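Below is one structure, written out as structure tokens; the observations come after it.
The values are calculated or read from the model by the stated rules, or taken from the named source; none is laboratory data. Keep in mind the model is a prediction, meaning the values are calculated, not measured. Don't worry about glycine lacking a Cβ; one is built from the backbone with ideal geometry, like all the others, and counts go over all protein chains shown. Ligands, DNA and RNA are stripped out before the accessible areas are found, and what is left, the full protein with its side chains, is counted by its heavy atoms. Shrake-Rupley method; radii C 1.70, N 1.55, O 1.52, S 1.80 Å.
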Amino acid sequence: MDGNGETKIGDYLEQHKVKLYLEDAICQMLELKEEVTKTNPAKFLSDYFYSVHNGTHTLFREYSYLQATENNRKSFIRTIWSCFRNVATYGAELLSVKEYHSLISLVSPDLPLDVIQKTARIVLMEDALDCLMSFVDFLYALQLQVFYEEFIELTKEAYDYLLVGNTPVKVPSTEDWKDSNLSHSRQHEGVESSMFFEAVKKVYQKMNKFILKPDLELVRAELEKAETITFYSFLMSLSKNVKLNYEINVLPEREKMFEGKDIHIFLGKDTIKHNNK
């Protein structure tokens, strides 16, 4: 096999995290073997990958596993949607950060509180985190936070670097970014959208190709809507972007959030149909 063939195989295995699933399946089987004396390895592996295919494999799993693959992230978001959408009383219920954390911890026991706090900052755009949030706003923001976690971290660092006035745009070292101490008032001032987009482009160029990130033209379109922007208003606009939601391909349009049966959503049997916008 030539070098290109080996590269393609390696990329496929890395993109779909085949090794990770195999290792996890074997670990699960060995743990189960101690409890059940007769375990058919072939049947166990078949059941394991059937659950991965159906998206039911993330229920009650550790958060590091939920974040390990694109498929796992989608399954986790779909689980939250199917399990808790009716708790929101059709969008009328307002819950706090602690209440959302307690709720989602029922299906992800070690879920970091920090994930919910970051999601709340997207919804509330840096307002007091003790404010209440609707389930629909929270869920679309959570989708963005969970699915594009690395993208958010890297672009936040670039935004913070711009905010302290370091121009022309370049991609500084992690140490430079961490040393940038920003006041709360300066965070609210925002930066020029065009400069931020140039910084985002630099970040994209240095990103690992397997890091999940929105289409760059979609980011450009959002940033062209205003001359200046704050980081969390940028994220809020992304969380509401119909094309981005279609790109992730898990949640429906907002008006269809409560359609369909919970079990069909959980099993991924409901086909999501998006209007062309």
Q. Residue check: is ASP114 charged (D, E, K, R) and touching a residue at least 40 places away in the same chain (Cβ under 8 Å)?
A. no
Q | Considering residues of region 132-174 that are of a type in the set (Ser, Thr, Tyr), at pLDDT below 95 and in a loop (DSSP other than H, G, I, E, B) only, the residue most open to solvent (accessible area, probe 1.4 Å) | A | THR167
Q) Which residue, of MET207, MET257, is over 30 Å from VAL18 (Cα atoms), under 21 Å from the mean Cα position of the chain (by Cα) and modelled with pLDDT of 70 or more? A) MET257
Q) Within region 217-244, which residues are within 17 Å of ALA158 (Cα to Cα) and open to solvent by 50 Å² or more (accessible area, probe 1.4 Å)? A) ARG220, THR228
(Q) Condition first: more than 18 Å from the chain's Cα centre (by Cα) and either modelled with pLDDT of 95 or more or of a type outside the set (A, V, I, L, M, F, W, C) (or both). Can you find one or more residues in region 234-251 that meet it? (A) no
Q: Please determine, by comparing only the residues of region 36-77 that are small (Gly, Ala, Ser) and open to solvent by 40 Å² or more (accessible area, probe 1.4 Å), which one is farthest from the chain's Cα centre (by Cα).
A: ALA42
Q: Tally the residues that are among the β-branched types (Val, Ile, Thr) and modelled with pLDDT of 95 or more, restricting the search to region 210-227.
A: 1
